[in-house]
Each structure stands twice: as structure tokens, then as C-alpha cells.
1. Any chance region 125-138 includes a residue that's in a helix (DSSP H, G or I) and touching a Lys or Arg at 6+ places or on another chain (Cβ under 6 Å)?
2. Out of all the residues in region 100-124, which are part of a loop (DSSP other than H, G, I, E, B), modelled with pLDDT of 95 or more and in contact with a Ser or Thr (Cβ under 8 Å, 6 or more places away or on another chain)?
3. Does at least one position in region 28-47 carry a residue that is over 18 Å from His134 (Cβ atoms) and among the aromatic types (Phe, Trp, Tyr)?
4. I need every pair where a residue in region 97-110 that is open to solvent by 60 Å² or more (accessible area, probe 1.4 Å) has its Cβ under 7 Å from the Cβ of a residue that is of a type in the set (Lys, Arg) and not in a strand (DSSP E or B), sequence separation at least 6 or different chains.
5. Name the single residue, out of those in region 161-178 being open to solvent by 20 Å² or more (accessible area, probe 1.4 Å) and aliphatic (A, V, I, L, M), that is nearest to Gly100 (Cα to Cα).
6. Can you tell me which condition Glu172 does not meet? The list is (1) more than 25 Å from Ile34 (Cβ to Cβ); (2) part of a helix (DSSP H, G or I); (3) at pLDDT 95 or above; (4) not small (Gly, Ala, Ser), and all the others hold.
7. For residues in region 66-78 being free of Cβ contacts under 8 Å to residues at least 60 places away in the same chain and crowded, with 17+ Cβ neighbours inside 10 Å, which is nearest to Lys38 (Cα to Cα)?
8. Cβ-Cβ below 7 Å, separation at least six or inter-chain, first residue in region 47-65 and open to solvent by less than 10 Å² (accessible area, probe 1.4 Å), second among the polar types (S, T, N, Q): which pairs?
Amino acid sequence: MIHWTAPLDECLYVSSDEKSTMAIRPIRLFGDPILRQKAAPVIDFDKELRDLVRDLSETMIDANGGGIAAPQIGVSLRVFTYVVEGEIGHVVNPLVQVVGDEEQVGQEGCLSIPGLPFDCRRHLQVLTTGFTMHGEPLRVEGHGRLSVIIEHETDHLDGILFVDRLDPRTREAAEAAIREAEWSGGVVPEIRYSPHAPLRAGSTARS
């Protein structure tokens with residue numbers, strides 16, 4: 001259930017003065033230091049922020065992604081966009097709260113680790129509060145796919161990548177796959193253990 005979301009055309013509506021500033025940005029790939037930094041909270045809700053949200057939205061759509069966080073385009077601010085079932089939204093300065101104990105397991109990928117999906121365990125339902133690009137309070141209740149996207153993108157804002165959350169065997173496979181990926185340039189993967197407590201064993205998992 002989504003308590004706040006904006007239709008695609010509404011979120012991307014811009015005046016003729018602002019349209020020229022919109023752009024599809026290059027996506028930072030695994031190994032870029034900005035992906036491991038904790039992003040700063042947004043303080044100014046101004047035209048620069050609105051441009052950022054629209055660039056994130058355009059870049060996400062162009063890359064056929066389900067979500068994208070500002071650090072992935074080189075901006076270390078706490079902002080992300082998402083698209084689910086043809087509707088696009090964004091959250092500024094998100095705070096995420098887990099709802100219930102149920103979990104889900106399914107293939108998850110990342111625009112910064114292209115072409116390499118792996119099974120990842122996530123919470124089934126989360127509640128996110130934050131702000132729109134205009135500074136208005138918002139509340140997003142994510143279930144299923146939207147919950148995965150919210151958790152994935154807020155992880156980005158804390159310098160965490162989804163591969164950090166994989167079980168040990170899958171993490172090893174991810175390290176090998178990243179090393180061999182054409183886009184990686186043979187980089188030695190730095191996959192970290194998630195700083196967050198592991199999800200509780202014995203809860204219901206849904207894929």
C-alpha cells in the first residue's frame with residue numbers, strides 16, 4: 001500500500017525554464033568511493049533539489065531501474081526515487097521503520113552493479129517518512145517489491161550495497177562475478193558485512 005506516490009507525468013512536470021536543466025546522469029559503478037559514503041541530509045529545499053529529483057527520475061527510467069539513490073549519480077545527499085507499477089515517487093531525508101516480522105527472499109539487482117542479480121533477504125513491509133522535493137511531509141508504506149526498493153535505496157544513503165546483505169555463500173559468488181564483469185575492470189571487490197543486525201531466523205520468508 002502506498003500512502004503517497006506521484007503519477008509519472010506529475011512528478012516529472014517542469015516549467016519551460018527548468019526543463020533545460022534536466023539530464024540523464026552517468027551512474028556510478030561498484031568501486032566508486034561515493035557509494036561507500038554516508039550521504040548528508042538535505043537542508044535546502046530549492047531548485048537545485050528539484051533538479052536533482054528530476055535527474056534521478058530520468059536516469060532511473062532511462063536505465064530501466066526500480067529505484068535510484070543520489071549517491072549513484074555522484075551526489076552525496078539523502079534522496080532517492082522509485083517507480084512501481086507505472087507510478088514514480090521520491091523521498092527526501094527518509095526514515096525507515098520495519099513493520100512486522102515477515103521477510104521475503106528474491107532476486108535483487110543494482111544499477112551500480114549491472115547485470116548481476118542475487119537472492120537477497122529483506123523485510124516484507126516497511127514504513128518510510130520523509131519529505132517531498134518541496135519540503136512537504138510524506139509517508140510511504142511499502143509492501144513486497146516497494147519494500148525491497150525502499151530498503152535497497154536507503155541502504156545506498158548509508159554507504160551499504162545489497163551485496164553486503166547476502167549470505168556468505170552468495171556473497172562469495174557475487175565477489176567472483178564482480179571480478180569477472182567487463183565493467184569492473186578487474187577491480188578487487190570490497191564487499192562488507194552489513195553493519196545492521198541480521199534478520200531474525202524463523203520468520204516467514206516469501207519470494
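The values are calculated or read from the model by the stated rules, or taken from the named source; none is laboratory data. All values derive from a computational prediction rather than experimental measurement. Every residue, glycine among them, receives a Cβ derived from its backbone with ideal geometry; neighbour counts consider all protein chains shown. These area figures cover heavy atoms from the full protein model, side chains too; ligands, DNA and RNA do not enter into them. Shrake-Rupley method; radii C 1.70, N 1.55, O 1.52, S 1.80 Å.
1. Scanning region 125-138 turns up no residue that is in a helix (DSSP H, G or I) and touching a Lys or Arg at 6+ places or on another chain (Cβ under 6 Å).
2. Answer for region 100-124, where residues must be part of a loop (DSSP other than H, G, I, E, B), modelled with pLDDT of 95 or more and in contact with a Ser or Thr (Cβ under 8 Å, 6 or more places away or on another chain): Glu102, Leu124.
3. yes
4. Between residues of region 97-110 that are open to solvent by 60 Å² or more (accessible area, probe 1.4 Å) and residues that are of a type in the set (Lys, Arg) and not in a strand (DSSP E or B), the close pairs are Asp101/Arg200.
5. Ranking the qualifying residues of region 161-178, first place goes to Ala173.
6. Going through the list (1) more than 25 Å from Ile34 (Cβ to Cβ); (2) part of a helix (DSSP H, G or I); (3) at pLDDT 95 or above; (4) not small (Gly, Ala, Ser), Glu172 breaks only (3).
7. Residue satisfying both the conditions and the ranking: Leu77.
8. Listed by first residue and then by second, the contacts come to Val53/Thr81; Leu56/Thr81; Ser57/Thr81; Met60/Thr81.
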